Amino acid sequence: MQSFCAFLLLVAVTLVYGEVYFEEKFLDDSWEKNWVYSEHPGKEFGKFVLSHGKFWNDPENDKGIQTSQDARFYALSTKFKPFSNKDKPLVVQFSVKHEQNIDCGGGYVKVFDCSLEQKDMHGESPYQIMFGPDICGPGTKKVHVIFSYKGKNLLINKDIRCKDDIYTHLYTLIVNPDNTYKVLIDNEEVESGALEADWDFLPPKKIKDPSQTKPDDWDDKPTIPDPDDQKPEDWDKPEHIPDPEASKPEDWDDEMDGEWEAPMIDNPEYKGEWKPKQIDNPNYKGPWIHPEIDNPEYTADPELYKRDEICAIGFDLWQVKSGTIFDNVLITDDPEAAREFGEEVWKPTPEGEKKMKEALDEEERKQREKESKENEDNKDDDEDEDADEEENSVPDTEVSNTAVNARGIIEKMIKLNLDSG
């Protein structure tokens, strides 16, 4: 019911605000008809399975596609009606749940144009945008935002940290027609700025004037040695001196051992290399700044934001430990529609997940305590049984004495029988 209401909300919002180009919630197995696995040779690909994971808020709404095999590549994509974001915002949004407490693996999506060969998709397949979290060890926990521009894939010049817990998080990229952008996590802005400033789309506007060089008489040393400062006459002392307290051993043989020399020690009077004190440089002009000129190779591009054709989205990943769940994939031209959709569909999920995870952890804790207590009780029973066996057993010495006595009686009986015979 919640999923149907969310769909109606999305329809109502987009009717008022903008257009939804693609939306996928993975509510049932019908996703398998629309998504295509890559069969690129030389790769060992893993499979996605429909799952809400081990803990959830709504078992129907929280279903997504989950990576299911460790140490595998994953390559899955789907196509939709082509569009261009010319003169309009572009919003790419989806949710990620690293339920397995991922140690190394991707959690991002790639957006393609119509040239994508889905059954041959691989790491080198050209894409338009790559966006989402990437985790590998403690050193890499970042959100990728990569744009393709004139045949090159350009990484953002900023470090955006991703979420690294086990709950569902919503990632949103907004690209505006004024060449600005925003990155949101859980509907909260974590980074924003200008495309030209935060990616190397274009060469710099200014360059150093190649015709200019620092003048030979430009003095950029703030201090100089004091020309009037003189080294004291008693300054020079050796760094090491013979130990005055050392004496030649009594058994030292000059002919056998050579001439004895006292061991060297640090000289307490050694002051190091003498240097004149520094004074302010009267000719100091400050650091020389290379004059700049307009870069003749720079040409402004007012359409850095624009993608001429978008008609596919996919997951092209490597994961060491599987278990990541992807859901709530949305591509639209309206940031407000995406925000409201996230609030309705995504926001209740992590709250419910945390409650269920806490309940599961508590149940596991109680089960461990129960098993521990049972093990202790079994140990006590075993100890009691051992004690009973010890009480009911005959000591070895008693058995030995009994055997000796019995043997003596038998020997006497045999002797009597012989005598009477």
Open item on the list: Probe radius 1.4 Å, ligands and nucleic acids left out: which of L27, L76 has the largest accessible area, and how do the rest follow?
Closed with: L27, L76
Task: For percent of Cα pairs over 26 Å apart, calculated from these coordinates, the label among [x] 50; [y] 71; [z] 55 - done: [y]
TODO: Please list Y167, Y74, Y284 in order of solvent-accessible area, largest first, computed with a 1.4 Å probe with all protein chains present.
DONE: Y284, Y167, Y74
Task: Protein-only accessible surface order, largest first, of M356, M256 at 1.4 Å - done: M256, M356
Open item on the list: So, taking all protein chains as they sit and a 1.4 Å probe, how much accessible area belongs to D361, in Å² rounded to tens?
Closed with: 60 Å²
TODO: At 1.4 Å probe size, with no ligands or nucleic acids counted, give the accessible surface of E369 in Å², nearest ten.
DONE: 100 Å²
- [ ] For every helix of n ≥ 4 consecutive DSSP H residues, a contribution of -39,500 (n - 2.57) applies; sum these over the chain, divide by its total residues, and give [θ] at 222 nm rounded to the nearest 500 deg cm²/dmol.
- [x] -8000 deg cm²/dmol
- [ ] Calculate the spin-label point distance for K231 paired with E269, positioning each point 7 Å from the Cα along the beta-carbon direction, and give it in nanometres.
- [x] 1.7 nm
TODO: Answer rounded, prolate or oblate for the range 298-346, using the Cα gyration tensor with square roots of eigenvalues a ≥ b ≥ c: rounded when a/c is under 1.5, else prolate when a/b is larger than b/c, else oblate.
DONE: oblate
Open item on the list: Using amide H atoms built in the peptide plane, which far-off residues or other-chain residues are under 5 Å from I265 H to H?
Closed with: I241, D243
Open item on the list: Connecting C-alpha atoms closer than 10 Å in a GNM of the chain, tell me which of Y270, Y149, Y127 has the biggest fluctuation.
Closed with: Y270
Open item on the list: Residue by residue through the range 151-168, what is 3J(HN,Hα) from phi via Karplus (6.51 cos²θ - 1.76 cosθ + 1.60, θ = phi - 60°)? Round to whole Hz and write x for glycine and proline.
Closed with: x, 10, 9, 9, 8, 5, 8, 10, 9, 10, 7, 9, 6, 10, 9, 9, 9, 6
- [ ] Under 1.5 on a/c is rounded, so check that first for the range 253-377, then, if it is not, pick prolate when a/b is larger than b/c and oblate when it is not; a ≥ b ≥ c are the square roots of the alpha carbon gyration tensor eigenvalues.
- [x] oblate
TODO: Could you do me a favour and compute the accessible area per residue for the chain, 1.4 Å probe, result in Å²?
DONE: 61 Å²
Open item on the list: If you roll a 1.4 angstrom probe over the protein chains with everything in place, what fraction of the accessible area of the range 266-365 belongs to carbon and sulfur, to the nearest %?
Closed with: 49 percent
Task: Sites S115 and M356 - FRET efficiency at Förster radius 41 Å, r taken between beta-carbons, to 0.05 - done: 0.40
- [ ] Enumerate lysine pairs in the range 235-304 that are 8 or more residues apart or on different chains, then count those whose Cα atoms are under 22 Å apart.
- [x] 4
TODO: Round to the nearest 0.05 the FRET efficiency obtained for E32 and N295 when R0 = 60 Å and r is the Cβ-Cβ distance.
DONE: 0.70
Open item on the list: As a test question: what accessible area, to the nearest 10 Å², does H52 have when a 1.4 Å probe is rolled over all protein chains in place?
Closed with: 50 Å²
Open item on the list: Counting only protein heavy atoms and a 1.4 Å probe, tell me what percentage of the range 131-178's accessible area is made up of carbon and sulfur.
Closed with: 48 percent
TODO: Report the residues of the range 248-287 in range of a label on H240: point 7 Å along Cα→C-beta, backbone N strictly under 14 Å from it.
DONE: 261-268
Task: Built amide H within the under 5 Å cut-off of A312, gap 5+ - done: F80, F112
Open item on the list: Positive end of the dipole of the chain, charges at C-beta (+1 Lys, Arg; -1 Asp, Glu), about the Cα centre: which of T172, A300, S68 has its Cα farthest in that direction?
Closed with: A300
Open item on the list: Full-extension gain between F80 and Y149, please, as 0.36 nm times their residue separation minus the C-alpha to C-alpha distance.
Closed with: 22.6 nm
Open item on the list: For a bin width of 10 Å, list the pair-distance distribution of the range 224-288 built from all Cα-Cα distances, rounded to whole %.
Closed with: 16, 25, 20, 17, 11, 8, 4
Open item on the list: Please compute, for the alpha-carbon atoms of the range 114-180, the extent along each of the three principal axes and give them in descending order in Å.
Closed with: 36, 35, 22
Open item on the list: Using a Förster radius of 41 Å, what is the FRET efficiency between R161 and I279 based on their Cβ-Cβ separation? Nearest 0.05, please.
Closed with: 0.25
TODO: Could you list which residues have their amide H under 5 Å from that of N57, counting only those 5 or more apart in sequence or on another chain, with H placed in the peptide plane?
DONE: E353
TODO: Just flag the trypsin sites (Lys or Arg not before Pro) in the range 48-126 sitting in loop per DSSP whose Cβ has no more than 13 other Cβ atoms within 10 Å.
DONE: K54, K86
- [ ] Give the Kirkwood hydrodynamic radius (Å, one decimal) of the range 173-331, defined as one over the mean of 1/r across all pairs of different Cα atoms.
- [x] 26.0 Å
- [ ] Diagonalise the Cα gyration tensor of the range 81-219 and give the resulting equivalent ellipsoid semi-axes, square root of 5 times each eigenvalue, largest first, whole Å.
- [x] 33, 21, 16
Task: Members of K47/K79; K25/K321; K43/K321; K47/K152; K25/K357; K33/K163 lying beyond 26 Å, as alpha-carbon distances in this model show - done: K47/K152; K33/K163
- [ ] Could you pull out the chymotrypsin sites (Phe, Trp or Tyr not before Pro) across the range 169-261 that fall in loop regions by DSSP (anything but H, G, I, E, B) with no more than 10 other Cβ atoms inside 10 Å?
- [x] none
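The values are calculated or read from the model by the stated rules, or taken from the named source; none is laboratory data. The structure displayed is predicted, hence computed values, not measured ones. Don't worry about glycine lacking a Cβ; one is built from the backbone with ideal geometry, like all the others, and counts go over all protein chains shown. Surface areas here come from the heavy atoms of the whole protein model, side chains and all, with no ligands, DNA or RNA. Shrake-Rupley method; radii C 1.70, N 1.55, O 1.52, S 1.80 Å.
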